[in-house]
Every structure is written in structure tokens, then in C-alpha cells.
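Q: Before I ask anything, here is the structure I am working with.
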Amino acid sequence: MTGLINKITCLCTVSLLIVSSVQAQQKKYAGEKNSIPDGTGRYKLWYNQPAKNWNEALPLGNGFIGGMVFGDVKNERIQLNESTIWGGGPNNTIDSNAKPYIDRVRRLLAEKKYAEAQELANSKLGPKGNSGMPYQLAGNLYLSFPETGTVSNYYRDLDMANATATVKYTMNGINYKREFFTSFGANTFMVRLTANKRGMINCRLKLQSPLKSSVVVNDEKTLVLSGEGSEHEGQKGQIEFNVLTMVKNSGGTTVADTSGITIANADTAVIYLSIATNFVNYHDVSANSMLRAKNILNKAYQHSFHELLTDNIKYYRSYFDRVKLDLGIDSAAKQPTDVRIRNFANNNDTQLAELYFQYGRYLLICSSQPRSQPANLQGIWNGEVKGPWDSKYTININTEMNYWPSEVTQLPELSTPLFNMISDLSVTGKPTAKIMYGARGWALHHNTDIWRITGVVDGAFWGLWPTSNAWLCQHLWEHYLYSGDKKFLTQYYPIIKGAAEYYIDALQKEREHGWLVVSPSISPEHEYIDGKNQVSVTAGATMDNQLVYGLFTDAIRAAAELNIDKAFADSLAIYRSQLPPMQIGKYGQLQEWLEDVDRTDDHHRHVSHLYGLFPGNQISPFRQPQLFAAVKNSLTYRGDVSTGWSMAWKINLWARLLDGNHAYKLIKDQIKPISANSGGTYPNLFDAHPPFQIDGNFGCTSGIAEMLLQSHDGAIYLLPALPDECKDGSVSGLMARGGFKVDIKWANHKIVKLVIHSSIGGNCRLRVNQQINSLLLTAGNGINKNPFYQTMDLKMPIIKNNSKNLQPALPKTWLYDVATRPGKTYTIVNKSLH
Ligand code: FUC
């Protein structure tokens, strides 16, 4: 098998290096029409062999249907998902006996009896058998091919430029080809089988599911698999689903019976597949899944593969093409993807970082569409009846991380399912707040699922964390900051307010300083040593303080933007002033807990207390240098190598620490095969916790964006953390808060061209590491008047040890202003930049 890329061409006009891939295997087959366009190698994951296991299969999806394509020559397997096939049925996990125990745990925590508090919490506040329901696979589509012979020219790929997968090989002198995509418009999974000689398509197609299911044939041509979601942890399975498939062949014959569909001697065969369930919403499963699946299939069947494909590419590209990145390319990019992953740490294969960045965007487009479910721990791709952690929603980091790239990489519509889920949770979380905590508003803990459960799961040690409402609300406010969409803010303000009301009622007065703290809680999934005990249950964890501070601030600002609720906002400001300040502990670290109990040899995967730096915006190098230095110390103690998502978080954090080389080092740690003690990347570029968890993919995409552009700290900081490896490059289409779209081209680490598209106008303040001479720019002085760039006023931190250097070395930067008008574009060209 020869390499994919034979020629690298520099197209200076668009300042992008385009890989022009000319391959023997990709030559047009005789007799083949309307084939998938050959995109550029730049966006391809490609391999010389079929997938040996699930983590080598290639993902396709449309937010509803997911398919993992394996590409075996004799036995093709497409593992199928549908985003609403889950175990159990409508339910919630509210613990109606919890309140008295919450009160007792609070008292014990106030008395600093941490181990006792944890013991009581673990025994009385855990789940009663139900820790949430699993997201389940639909089943498999198997295609078996009777031909035998020696295989040559084997090739398979996933082409992100078109959202298609292809398998090709030669057997007995015949070139065979399989093409796959998931239609966004028709909601079907599509397969086309072709060969370069007539009458050569012979194939047997089967549907199978490990869930309770049966297969029949309808109208002599439709293969129908009917199945049910599982009963799980006492919850009866209430999801019904149907997988329907039909074949359209030219030439030859197809015969269907309950054991499958047999295609014989066809010139081409197109397989149409639909999946539907009875799911309407988290409390209604009354839809007719069979009728839904039939309607979808019949409608799609009226169109040819080519028509559906053409529409699909158009729709898909309307998202994918919004952002282009070029970090440079060299000969390492000529290798198949699995080889590139193995070599990434030692090669200067910056194009693989670009591919990984775009893969995160691809995966978000394919797993989270405006009317779909939000991307879960595995997006929509799960091959198991009960996947890792149920493949549900862990909202103490993982679900939020899934959506970090959506605003900055210009895919804001794809956050809609998250926003819808937050709306649902603001309803199902109401009784949790009331019954468990005696509070108004809404609250939930560290997990939820399609039924929008809100109780404690997995036990108090991991699950007694009621602060996820504040983190989720951050996404609502950020959407407003990026878009300026007042209608959206008006719609979601009551939800932000409801979360804030919860804290007004639930915060507890801490005895020593009179601070208001979240109690009981944990610093997600982490423990500290209390005497001889490892304890997680606590009060006033730093992350909680930051989250509540952020929530109150966002609620105050939202009320001001909407010109409503002044009295409420004023009262929030008073509560906010009583929250604990951040504390710098004895090792010069940002304390993770109220007490100074951090360790310097602690390499725990969660870095929750660094939320304030990212994704929060409470720690600025220019305004809080000591806190900034303390975060750097904490992150250095924590180390680099960890689970996939943890490394992804650290990429974002090092980018915010303005250290591009360290961020890039973490990208290298993440894009490498997994080892005994760390996460990494599977051959299909899926992030490995291990096992596969999609958050690391999304987190890394966001991290690369943060290295190139940040807009949270009073200005748009251009190239704040550019690594040495990426000295020349370009990016276009990244979004900054305040509705600015930014294109940057740089050479030898200096910006040579900058384009700013302003959608809502206002002052565009730039921060840069170089001087710029341009008539368009004026020096930026004083506070940025743009309302989307207000910074957060924080309490002074408490510093317990000043001996550790808390004065960070910061880069010299320049501030410039451009007064922009809505809809206008501002181009600053290279000659005026030094
Ligand atoms: C949190 C993390 C684990 C894992 C799980 C799904 O519990 O601590 O590492 O990612 O979510």
C-alpha cells in the first residue's frame, strides 16, 4: 500500500497549504458515476487495513443516528446508534428522606468533623439503587460478501471535508468500493456498493441487536428490526425502537426474508436505513416508532444516493467550512493516520494537530444537532448495552467540556441540545432543590441522563455535588456574550435566576469567617486527608466558590442587560460579597479546599479549583498576577499526563497561562497511543480516557482555539499562546465575544494579516504581543467600553505564603481599539504590521 499524499502544493492566494492527494486507489472506477468528491487529504483519516476493533472503526453521524464503519472485506460491520435509545423510562432520583441528613452533614462540616460527615453522607445520601440509565446501542448492520480471493489496494477513510467514509479494495481483478454517509436531511444511514464491472455486487445484509429484539420482513422488501431498551437498576425499559432497511439495486436481484436481504449480481446497490424510537421527551415515550421509521425511510427512498449525498455535503459544509486552520504541513502528513498518531510526539506533524482540531468540530456536528440530544460521554457512538459510566452525562466536567468548542469555533447552533437539556433540568431539578435542600430554584448533582435525573448517583463520595446548575448556566451566559442575542437571554434568564435563588437559600454560613459556602459538597471526585481518612465531602470547595461567584455575577449582569429585576440583582451582589475569596496556600498554590490541605505530589485528574482560570474568567494575568501565579503552581504540581479529558483541560489551562509550548506538549501527550498509566488517542482519533470518552476530543479542539485567540479578559488577545512548532500559519473564522469573527495569518510568530468581521458593532479591543501600525487602530486606553468585555471584580485573595514567587513573568503586550459597526469587515494587512 503506497502513501496517500504524493504532492503538497502551496496555494499562496488563500495562504493555506492544501494537500493535493493523488492516489492510485482513488482513481475513478470505470462505470462509476456521481461518486463522493475526492476532497483534499488535509481532512482525511485513512488506513491501509480494516478496523480490528471498535476503536479503529470510523464514526459517521447526524445528531440522531450514529454509525461506526469497520471496513472488513468479507464481513462489513456498521455498528448503529440512535441518540434516544436508553435503558429505563421516565423517572427521577430525588431522595425524599435526604433533608434531615443534609442538615446533619452540614452541622458536622461546620464543626470540621469531616470524616464523620462523609460517613453519614455515604450511608444516607447515596442513590437508592438507581444511578442513572445507560445509553445503548441499536445494533449492527452486517454485510457479508461471498467472493474469495487475494485482496490488494485496500484503503479506507473518513473524509471530514464531506462527512463520508469509503472502503476500497481489489479482488480477482475487480475494484470494489463501499461508500457511507449519514444523511442530515433525510435522517437515514446510507451505503452504496459499486464495482468497476457490471453484475459484480453480491452481498447478504443482516440486522442484529444484543437488546431484546426481533427481525421481520415487511412488504417483501423492508427488513425490520424491532427492539426495546433494557430494564436497568429497577427501571423498566420503556424505549421501543425500529431499525428499517431497504435496498435499491441497479441490475441483478434482491430477495428479502427474515434472515436478511440477499443482493445478487447487481451493478450497484444502495442501502437505505432508518432508526426511530417512541421517545418524545424526558417524560413522554408515546410516539409510534414504527410509523416514524417507515415515514423516514419511504421519504428517503424516493431520492437517489447522489441526491441525498449532494444535499448532505452542502448542509454539512455549512457548518464545517466556517473555520479553517493551517499550522503548517510536512512529510509526516503523508502517513496513514494510525502511524501519524504513533509518531506524533516525535515528529513535527503539526497538520495532525490541525486534523485533530477539525475532528472535534466534525464530531460535534455529527453528534449534536439543533433538535437532537446533547452529546453524551461518547457523543452518540457507543457499541455496548451498558457503556462506560453508562455513556450518559457527567456534568462535573465532561458534558461541559463537550461544548467548549461550540462558540469559539463557530458552531453555536450545536449547543442548542445542551440549552434544551438545561431547560429540562431546571424543571426536574426543582423538587430536588425543594425536597432535598429545602431551597427554591433548581439543583442537580454530578450526573444526568435522557430522563433528566437530578439526585445523587454513585454515592456521596463522588456524587454529592450540587453545583452543576451553576456550571451549566455559564454556557447560557457565554452564548449571550458571543452572540449578543437578547431574545435568547430573555428566554433563559429565569433559568439563571432559578439557579441563583437556589444558592440564596442553600448557602451556609461558615463559622470562622462568616463566609457563605456550598455545604455539603465535594471538589469533584477528589479527596483530601483528614487525620487518617481520605475525605471528599466538604464545605466551601474553591470550585464551588468560583462557580457561585460566576453565577451571581452573570445573573446580575443579565438582569442589567435586560433592564429587569434590579432589587434581586442588588441582593445577589450582597450575597456575592460574602462568598469566600480565593486563597493561596502554603505551597504557593491556589487552594482547592477552604483549608490548606493540598499536596504537591497530588496528580489527580480533576483540576476543579482551576475552573476560575478556564473555563471561568476570574483569574487574569494582568489584573490578578498573584492568583495567576498560584494557578500555575497548582497546575505544575498536578503534572501533565493523565486521563484524556484531563489533558485536554490542561491544554486550555496552559493556553490561558500564556504558555503555548506547554500547551503543545500536552497536545503531544494526548495525541499518542494509550499507555498503562495514561489516556491518549485511539487509531480512529477518538480520545481515550481510557476507555473512549469524547470530551477529550472536544476539549483539545477548544484548547487549540484558546492558543490562537482568547476574548475573556477585557480584550481579544490574538495568538496568546503560540507554540514554537507553529511559527507560520493561519486561522479563519474563530469567534470572539461580542460577535467578532477573526481571521489571523502569521509568519515567524508575527501577525501579518488580520481581518475582523463585526456582527453587532462596538469597540473591538485587541491585545497583541507585537506593535501594529495601522490607521484603523488607535491605542487602547482605560476600560474597554464594549459591554461584552466587562471583567469580573474579585475579592483580594488571601495569601498564606508569599515566599513562593507570585509575580509571574508576563509577555509585553499592546492594546489597540477599532471602533466597529455592525456587518462591517476590517482588514489590517501585513505591511502595516511589524
Ligand atoms: C468523571 C471522571 C472520570 C470519568 C467519568 C465519566 O467521573 O472523574 O474520570 O471521566 O466522569
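Q: Which residue, of LEU80, LEU45, LEU109, is closer than 30 Å to LYS430 by Cβ, aliphatic (A, V, I, L, M) and touching a strand residue (DSSP E or B) at 6+ places or on another chain (Cβ under 8 Å)?
A: One residue alone meets the criteria, LEU109.
Q: Can you find even one residue in region 570-590 that is in contact with an Asp or Glu (Cβ under 9 Å, 6 or more places away or on another chain), crowded, with 23+ Cβ neighbours inside 10 Å and among the aromatic types (Phe, Trp, Tyr)?
A: no
Q: Quick one: which residue in ALA567, ALA560, ALA629 is assigned to a helix (DSSP H, G or I), modelled with pLDDT of 95 or more and crowded, with 19+ Cβ neighbours inside 10 Å?
A: One residue alone meets the criteria, ALA629.
Q: Related question: For region 382-398, does any single residue satisfy the condition of being under 24 Å from GLN710 (Cβ atoms) and touching a Gly at 6+ places or on another chain (Cβ under 6 Å)?
A: no
Q: Would a scan of region 351-367 turn up a residue that is more than 13 Å from the chain's Cα centre (by Cα), away from the ligand (no atom under 16 Å from the Cβ) and outside any helix (DSSP H, G or I)?
A: Within region 351-367, not a single residue is more than 13 Å from the chain's Cα centre (by Cα), away from the ligand (no atom under 16 Å from the Cβ) and outside any helix (DSSP H, G or I).
Q: For region 150-197, what are the residues that are farther than 22 Å from GLY252 by Cα and outside any strand (DSSP E or B)?
A: Within region 150-197, THR150, MET160, ALA161, ASN162, ALA163, SER183, PHE184, GLY185, ALA186, ASN187, THR188 qualify.
Q: Let me ask something additional. Out of curiosity, is TRP381 within 13 Å of the ligand (Cβ to nearest atom), closer than 25 Å to ASP669 by Cα, of a type outside the set (Gly, Ala, Ser) and over 12 Å from the mean Cα position of the chain (by Cα)?
A: no
Q: Taking SER571, is it within 16 Å of the ligand (Cβ to nearest atom) and more than 23 Å from the chain's Cα centre (by Cα)?
A: So SER571 does not fit the description; no.
Q: Now for a different question. Which residues, counting only those in region 735-744, are part of a strand (DSSP E or B) and surrounded by fewer than 24 Cβ atoms within 10 Å (Cβ to Cβ)?
A: LYS741, VAL742, ASP743, ILE744
Q: Kindly indicate which of TYR437, TYR403 is aromatic (Phe, Trp, Tyr) and more than 16 Å from the ligand (Cβ to nearest atom).
A: Checking each option against the conditions leaves just TYR437.
Q: Restricting to region 172-186, give me the number of residues that are aliphatic (A, V, I, L, M) and without any contact (Cβ under 8 Å) to a residue 60 or more places away in the chain.
A: Residues that pass the stated criteria total 1.
Q: Something else about it: Yes or no: region 532-552 includes at least one residue that is assigned to a helix (DSSP H, G or I), modelled with pLDDT of 95 or more, within 16 Å of the ligand (Cβ to nearest atom) and not polar (S, T, N, Q).
A: Yes: one or more hits.
Q: Hey, could you check region 620-639 for residues that are away from the ligand (no atom under 16 Å from the Cβ) and free of Cβ contacts under 8 Å to residues at least 60 places away in the same chain and say which is farthest from ALA705 (Cα to Cα)?
A: Of everything passing the filter in region 620-639, TYR637 is farthest from ALA705 (Cα to Cα).
Q: Just to be sure, is GLY88 modelled with pLDDT under 95, surrounded by 18 or more Cβ atoms within 10 Å (Cβ to Cβ) and not acidic (Asp, Glu)?
A: Here the answer is no, as GLY88 does not meet what is asked.
Q: Within region 376-495, which helices (runs of 4 or more DSSP H) (wholly inside it) include 2 or more residues that are farther than 27 Å from ASP321 by Cα and of a type outside the set (S, T, N, Q)?
A: Of the helices (runs of 4 or more DSSP H) lying wholly inside region 376-495, those with at least 2 residues that are farther than 27 Å from ASP321 by Cα and of a type outside the set (S, T, N, Q) span 416-431, 460-463, 468-483.
Q: Regarding region 126-148, can at least one residue be identified that is over 32 Å from the mean Cα position of the chain (by Cα) and either part of a helix (DSSP H, G or I) or within 30 Å of ARG42 (Cβ to Cβ) (or both)?
A: Looking for residues that are over 32 Å from the mean Cα position of the chain (by Cα) and either part of a helix (DSSP H, G or I) or within 30 Å of ARG42 (Cβ to Cβ) (or both), one finds none in region 126-148, hence no.
Residue-by-condition table, conditions (1) in a loop (DSSP other than H, G, I, E, B); (2) of a type in the set (Asp, Glu); (3) at pLDDT 95 or above; (4) touching a strand residue (DSSP E or B) at 6+ places or on another chain (Cβ under 8 Å):
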{"position": "ILE756", "(1), (2), (3), (4)": "no, no, yes, yes"}
{"position": "ILE760", "(1), (2), (3), (4)": "yes, no, yes, no"}
{"position": "ASN763", "(1), (2), (3), (4)": "no, no, yes, yes"}
{"position": "PHE788", "(1), (2), (3), (4)": "no, no, yes, yes"}
{"position": "MET792", "(1), (2), (3), (4)": "yes, no, no, no"}
{"position": "LYS795", "(1), (2), (3), (4)": "yes, no, no, no"}
{"position": "LEU815", "(1), (2), (3), (4)": "no, no, yes, yes"}
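Q: Could you please find all residues in region 645-693 being within 14 Å of the ligand (Cβ to nearest atom), hydroxyl-bearing (Ser, Thr, Tyr) and surrounded by fewer than 24 Cβ atoms within 10 Å (Cβ to Cβ)?
A: SER678
Q: Restricting the search to region 447-462, which residues are of a type outside the set (A, V, I, L, M), within 14 Å of the ligand (Cβ to nearest atom), crowded, with 24+ Cβ neighbours inside 10 Å and within 12 Å of PRO127 (Cα to Cα)?
A: Scanning region 447-462 gives a single hit, ASN447.
Q: Working only within region 69-117, note down all residues that are closer than 22 Å to PRO59 by Cβ and hydrophobic (A, V, I, L, M, F, W, C).
A: Those that are closer than 22 Å to PRO59 by Cβ and hydrophobic (A, V, I, L, M, F, W, C): VAL69, PHE70, VAL73, ILE78, LEU80, ILE85, TRP86.
Q: Suppose we filter HIS749, HIS834 for residues that are surrounded by fewer than 17 Cβ atoms within 10 Å (Cβ to Cβ) and modelled with pLDDT under 95; which single one remains?
A: HIS834
Q: Pairs please, first residue from region 601-617 and more than 13 Å from ASN633 (Cα to Cα) and within 11 Å of the ligand (Cβ to nearest atom), second anywhere and hydroxyl-bearing (Ser, Thr, Tyr) and assigned to a loop (DSSP other than H, G, I, E, B), Cβ atoms under 9 Å, 6+ apart in sequence or on different chains.
A: Listed pairs, sorted by first residue: HIS604/SER642; ARG605/SER642; ARG605/THR643; HIS606/SER523; SER608/SER523.
Q: I need the full set of residues from region 464-487 which are surrounded by fewer than 24 Cβ atoms within 10 Å (Cβ to Cβ) and small (Gly, Ala, Ser), in order please.
A: Listed by number, the residues that qualify are SER483, GLY484.
The values are calculated or read from the model by the stated rules, or taken from the named source; none is laboratory data. This is a predicted model, so every value here is computed, not measured. We place every Cβ from the backbone using ideal geometry, glycine too, and count neighbours over all the protein chains shown.
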